[in-house]
1. Mind jotting down the distance between the C-alpha centroids of the stretch 58-97 and the stretch 104-140, whole Å?
2. For a quick check: sort LEU129, LEU158, LEU91 by the number of other beta carbons within 10 angstrom, fewest at the front.
3. At a 10 Å Cβ-Cβ cut-off, how would you order MET45, MET94, fewest neighbours first?
4. Under the rule of -39500 (n - 2.57) per DSSP H run of 4 or more residues, summed and divided by the residues of the chain, what mean residue ellipticity at 222 nm is obtained, to the nearest 500 deg cm²/dmol?
5. Just want to confirm a number: the relative contact order over the stretch 25-187, from Cα pairs under 8 angstrom separated by 6+ residues, in percent.
6. Between exposed trypsin sites (Lys or Arg not before Pro) in the chain, where DSSP calls loop and at most 12 other Cβ atoms lie within 10 Å, what's the longest gap?
7. Within the stretch 24-68, name every residue whose backbone N is under 18 Å away from a label modeled 7 Å from Cα of LYS187 along the Cβ vector.
8. Please arrange VAL172, VAL50 by counting, for each residue, the other beta carbons lying within 10 Å of its beta carbon, fewest first.
Amino acid sequence: MTLPAERALVWRAFLSGSRQIKKEKKVKIDARQSTQKLAISGVVMAAYIVVMYVTQSFAFGQYQIRIATAIYGLAYLFPFLTVPLGLANLLSNMLMGGLGIFDIVGGGLVGILTAGSCALIGKKKLSPLLVFFPITLIPALGVSTWLSGILNVPYFTLALSLLVGQAVAGAVGTILVKALTYSVEVKY
């Protein structure tokens, strides 16, 4: 088959919810090897920071549509990304955030909690569609606890505003994880 035909097969299977993709077409990753873990962690952290930099014009606004937080969903397939994703959030808040130490450290902790929740969903072999909930709820409700004080905005108003933006990231993260489950085979 040609490359476009293979892509069409993958998309058709993805859209239909079918798992009928030939195993030899999947990318195989051995997550037991520390060099692969280190390389994947570095690439994912860099991708998170680059996506935050490119999208910072709307990632730090009233609705904070942080598309980069969709990357937390990768912990569903690669649980070892839990801490690196938290560090990526910490670094991006340090480089681009400008709201002080609470936002830097708090963002890192929320990143670890969100990625850890996605990893737990993956370890329990639950549906990848469930990553929508931690990606949407944990950052929106967690970040609101300190941002409401820093910005002098009522918690529920800010939480609702952040939920709207995080729902977009949750949907993107769900699509990312769902697509990767069809094209990546991870060995533990």
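Computed from the coordinates by the stated procedures, all read-outs in this text should not be read as laboratory data. Bear in mind that the values here come from a model prediction, so they are computed numbers and not experimental data. Reconstructed Cβ throughout: ideal geometry from the backbone, glycine too, with neighbour counts over all protein chains shown.
1. Cα centres, the stretch 104-140 to the stretch 58-97: 10 Å.
2. Starting with the residue having the fewest Cβ neighbours, the order is LEU129, LEU91, LEU158.
3. Least crowded to most crowded, the residues run MET94, MET45.
4. After summing the helix terms and dividing by the residues of the chain, the value is -22000 deg cm²/dmol.
5. 32
6. Values: sites that count: ARG19, LYS22, ARG32, LYS124, LYS125.
Answer - 33-123.
7. 24-40
8. Values: VAL172 19, VAL50 12.
Ascending number of Cβ neighbours within 10 Å: VAL50, VAL172.
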